[in-house]
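The values are calculated or read from the model by the stated rules, or taken from the named source; none is laboratory data. Given the structure is predicted, the values throughout are model-derived calculations rather than measurements. Every residue, glycine as well, gets a Cβ built from its backbone with ideal geometry; the counts of neighbours run over all protein chains shown. Surface accessibility is based on the protein's heavy atoms, side chains included, excluding ligands, DNA and RNA. Shrake-Rupley method; radii C 1.70, N 1.55, O 1.52, S 1.80 Å.
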Amino acid sequence: MKKKRFYILSAIMYAAALLMIMDYCILEVNDYILFTPANRLFLLAGCCLFMYMGSRSLSKNLDKPYKRKPYQINIIIWFFLYLVLLCTLTLFDDYFGRSGLFFMNWNRSAFRDYIRNYFNIIPFRTIGSFINGYVKGYINTYAFTYNILGNVAAFMPFAFFLPLIFKKQQSFPVFVITMTGIVMVIEILQFVTFSGSCDIDDLILNVAGAGLMYGILHIRVLHDILEHIFLPEP
């Protein structure tokens, strides 16, 4: 009877998570509702929370060798959802005036305008201009936070997911090389699609943020706590 209650509770939690994903998809394709990044984060965080609660209930009914399986599957699904969110925000988010279809309107004038205003290969030029503008007061707090701190934070979740899913990513040099490749691919896609800016400073901030979080998550005490929460021992 007790096992049955755990199965029912687990089913309810996973059903709630599925409903939140469906809501996310519906809002994503609805042109009449402004689907902000905060709304996206709220729905995906709620979905992940329900999945986690469902996995805790489900694991109680599994034999010892399989008790970690629901948690491991959760992490893979969460990583996929994070990638969807990241791609949406960097390439297809109308909230930031981005559309992966911009390249369909490509012409020489648009290309020259993009190179002049959204393309930068000089390290720290963009970072310096934002810091200088913020200090002097002609760049507001929101613009500074979004462009500098936002770029630092955007790729931090990779430091959580990659080492858990891929054993080779537990090596810091391998992780940094992987992150550099991932960010470069996204920057190239932004260049090809004219969505957002293609900026070496984005690469610097993204990789630095991911590397910083990698170091934080590998502090022994914090690492053990997180592993106990997300991958508890059977």
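Couple of notes before you dig in:
- Screening the candidates VAL174, VAL135 for the property of being surrounded by fewer than 16 Cβ atoms within 10 Å (Cβ to Cβ), out of contact with any helix residue (DSSP H, G or I) (no Cβ under 6 Å at 6 or more places or on another chain) and among the β-branched types (Val, Ile, Thr) yields one hit, VAL135.
- Some residue of the range 150-173 being touching a strand residue (DSSP E or B) at 6+ places or on another chain (Cβ under 6 Å), assigned to a helix (DSSP H, G or I) and not hydroxyl-bearing (Ser, Thr, Tyr): no
- Yes/no for TYR82 being within 21 Å of ALA154 (Cα to Cα) and of a type in the set (Ser, Thr, Tyr): yes
- Those residues of the range 152-171 which are of a type outside the set (A, V, I, L, M) and either within 15 Å of the chain's Cα centre (by Cα) or surrounded by 17 or more Cβ atoms within 10 Å (Cβ to Cβ) (or both), in sequence order: PHE155, PRO157, PHE158, PHE160, PHE161, PRO163, GLN169
- The set of residues in the range 136-162 being at pLDDT below 95 and not aliphatic (A, V, I, L, M) consists of LYS136, GLY137, TYR138, ASN140, THR141, TYR142, PHE144, THR145, TYR146, ASN147, GLY150, ASN151.
- Looking only at residues in the range 112-122 that are open to solvent by less than 100 Å² (accessible area, probe 1.4 Å) and among the aliphatic types (A, V, I, L, M), the one that is modelled with the lowest pLDDT is ILE115.
- For GLY211: the one exception among (1) closer than 18 Å to LEU85 by Cα; (2) open to solvent by less than 20 Å² (accessible area, probe 1.4 Å); (3) within 16 Å of the chain's Cα centre (by Cα): (1)
- Criterion: modelled with pLDDT of 75 or more and not hydrophobic (A, V, I, L, M, F, W, C) - qualifying residue of SER109, SER99: SER109
- Qualifying residues in the range 21-79 (those that are of a type in the set (D, E, K, R) and touching a helix residue (DSSP H, G or I) at 6+ places or on another chain (Cβ under 7 Å)) - the one modelled with the lowest pLDDT: LYS60
- The C-beta contact set for the range 14-35 (first residue closer than 16 Å to LEU85 by Cβ, second residue open to solvent by less than 100 Å² (accessible area, probe 1.4 Å) and among the polar types (S, T, N, Q), distance under 8 angstrom, 6+ apart or interchain) comprises LEU27/ASN39; GLU28/THR88.
- Count of the range 138-149 residues which are outside any helix (DSSP H, G or I) and open to solvent by 40 Å² or more (accessible area, probe 1.4 Å): 2
- Scanning the range 177-207 for residues that are open to solvent by less than 60 Å² (accessible area, probe 1.4 Å), among the aliphatic types (A, V, I, L, M) and within 20 Å of LEU83 (Cβ to Cβ) yields MET179, ILE182, VAL183, ILE186, LEU203, LEU205, VAL207.
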